[in-house]
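See below for the structure under consideration.
The values are calculated or read from the model by the stated rules, or taken from the named source; none is laboratory data. Because the structure is a prediction, the values reported are computed rather than measured. In this analysis, Cβ positions are derived from the backbone assuming ideal geometry, glycine residues included, and neighbour counts consider all displayed protein chains. These accessible areas exclude ligands, DNA and RNA; they are computed on the full protein's heavy atoms, side chains included. Shrake-Rupley method; radii C 1.70, N 1.55, O 1.52, S 1.80 Å.
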Amino acid sequence: MDLPWYALLIPMLLFTFFLHQCFFSTSNNQKKLPPSPRKLPIIGNLHQLGSFPHHSLHELSKKYGPVMLLHLGSKPVIVASSVDAARNIMKTHDLVWSNRPKSSIADRLFYGSKDVAFSPYGEYWRLIKSISVLHLLSNKRVQSYRHVREEETSNMIEKIRQVSDSNSSSSVIDLRDCFCSLTNNIVSRVALGRKYYEGESGINAKVTLDEFAKLLGTFSIGDYIPWLEWINKIIGLDNKVEKVGRELDTFLEIVIEEHVSRRNKGEYSAGESKDFVDVLLEIQNGRETEFLLQRDSLKAIILDNFAAGTDTTYTALEWIMTELLRHPRVMKKLEDEVRQLGQGKTEITEDDLKNMHYLKAVIKETLRLHPPVPLLIPRESTEDIKILGYQIPAKTQVFINAWTIGRDPLSWENPEDYRPERFLNSNIDVKGLNFELIPFGAGRRGCPGTAFAIVIIELALARLVHKFNFVLPKGLKPEELDMTEASGLTIRRKSPLLAEATPCSSYY
């Protein structure tokens, strides 16, 4: 009696399955992908990012481990949440991970991603980074701006003093506004040649830069599901990007034309130092290098340094003062150090900073808990690579969660506690060599402006606690201070930090 066809098919399928297990299981293990949460059709894991991806990914990493695979629409994305994973990406295989994935929002705001932060890895990126470092951000150049930092910090102190001397109910100080003005003025003077006041340039720098940072931190659906790109227009994202881009372009044109006009009129005196825009214009004309910068590249590089230098620095300052106001014990210890070293001096100078070890510890501890950019700007692999035993295909994006790494109990004792003392006998720094603390990234794509930002933060903080006693507004207890975050590429407090300041001695 003949067997039916399906009776023969069943053993054939079983035999095929057996062969697959025998001959392909080893290959699959060799190409083992990282663990991944269950994904939905079309959108993948996009729905799991939420309004604050560094928090959402932190929670997912607790379940799926320090290297996790997500599918954001059609794009594979690795999330790195440990010191070992970060070191593997930004040191061991730094070159493989030095590219940037394409970002439609960055493309529109940075003139086709012609800036240092978002430009694809290659010869153009290497050139513009070297220009920025050599002519604006090198240690020698950073030291040459000392008089600018000290003048502008003195201006901020005087502004606070005037408010604290008033007898009106308006004596409460908006520290965010103070810090934003300080960093904006310093960056404007060293990069653009002078300060640009609200209305004069046609934009409100604080509002526009806030919106700018928020847009850069927005996930564009079209980057991950191209055929749904039209949604950006429906929800108004395209209009927001266009508006901010137009305002910034108007400002940059004013800055450049002002410099061009001065050059054409011969208004520069002999021996007068050039600002960053002057240098870029000389490069554009081929006087410094054989490379000719196009107008859009010029504006993208200026915007990169102006926006990044302002935004991350004042955000860090605001978080530092927030934590000090929440922890009076730490504030008192910092005041004691600064005032003892500054005893008899009317002003703290940058020469005094090298001896302020607790001040430096306070800054590091705050950056550990509140890195200004908690999810470092995404990178993209250029070839197949292995991370901690997992095989990662080329063209995979990676998000490095600096926020989670700063809270890793394997690296930090009681990681949720605010305790600057942990850094007093530690060699860990923020320069990108210690992967336990990477608020400014590391490797080729690490922030080149770290030294520029840190010295501003140190001087501003030292002078603030040298001159004033700060307390929260009346009726507000330290434990009641709102710590809600605002969304964006740079994560700052949702509400501005308000405080009362009184002179700590008879300096005035």
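Identify, by number, the condition in (1) modelled with pLDDT of 90 or more; (2) hydrophobic (A, V, I, L, M, F, W, C); (3) over 19 Å from the mean Cα position of the chain (by Cα) that residue 187 doesn't meet.
For residue 187, the exception is condition (3).
Run residue 159 past the list (1) more than 23 Å from residue 448 (Cβ to Cβ); (2) part of a helix (DSSP H, G or I); (3) open to solvent by less than 20 Å² (accessible area, probe 1.4 Å); (4) not acidic (Asp, Glu) and report the number of the one that doesn't hold.
Unmet for residue 159, out of (1) more than 23 Å from residue 448 (Cβ to Cβ); (2) part of a helix (DSSP H, G or I); (3) open to solvent by less than 20 Å² (accessible area, probe 1.4 Å); (4) not acidic (Asp, Glu): (3).
Looking only at the stretch 376-417, count how many residues are open to solvent by 20 Å² or more (accessible area, probe 1.4 Å), aromatic (Phe, Trp, Tyr) and within 21 Å of the chain's Cα centre (by Cα).
1
I'd like to check something: does the stretch 133-154 contain any residue that is aromatic (Phe, Trp, Tyr) and modelled with pLDDT under 95?
Taking every residue of the stretch 133-154 in turn, at least one turns out to be aromatic (Phe, Trp, Tyr) and modelled with pLDDT under 95.
I'd like the full set of residues that are open to solvent by 70 Å² or more (accessible area, probe 1.4 Å) and among the polar types (S, T, N, Q), limited to the stretch 31-61.
51
Taking residue 64, is it aromatic (Phe, Trp, Tyr), touching a strand residue (DSSP E or B) at 6+ places or on another chain (Cβ under 6 Å), closer than 22 Å to residue 392 by Cβ and surrounded by fewer than 22 Cβ atoms within 10 Å (Cβ to Cβ)?
When the stated conditions are applied, residue 64 does not pass them.
Just the residues that are outside any helix (DSSP H, G or I) and not polar (S, T, N, Q), please, taken from the stretch 292-312.
Hits for the stretch 292-312 are 292, 293.
Can you name the helices (runs of 4 or more DSSP H) wholly within the stretch 1-120 that have at least 3 residues being within 30 Å of residue 306 (Cβ to Cβ) and modelled with pLDDT of 95 or more?
Once the helices (runs of 4 or more DSSP H) in the stretch 1-120 are filtered for at least 3 residues that are within 30 Å of residue 306 (Cβ to Cβ) and modelled with pLDDT of 95 or more, what remains is 53-64, 104-109.
How about the stretch 426-468: which of its residues are open to solvent by 20 Å² or more (accessible area, probe 1.4 Å) and either under 16 Å from residue 405 (Cα atoms) or touching a Pro at 6+ places or on another chain (Cβ under 8 Å) (or both)?
Result: 428, 429, 431, 433, 434, 436, 440.
Every residue, every condition in (1) open to solvent by less than 20 Å² (accessible area, probe 1.4 Å); (2) more than 17 Å from residue 377 (Cα to Cα); (3) among the β-branched types (Val, Ile, Thr); (4) within 21 Å of the chain's Cα centre (by Cα), yes or no:
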| position | (1), (2), (3), (4) |
| --- | --- |
| 76 | no, no, no, no |
| 116 | yes, no, yes, yes |
| 144 | no, yes, no, no |
| 152 | yes, yes, no, no |
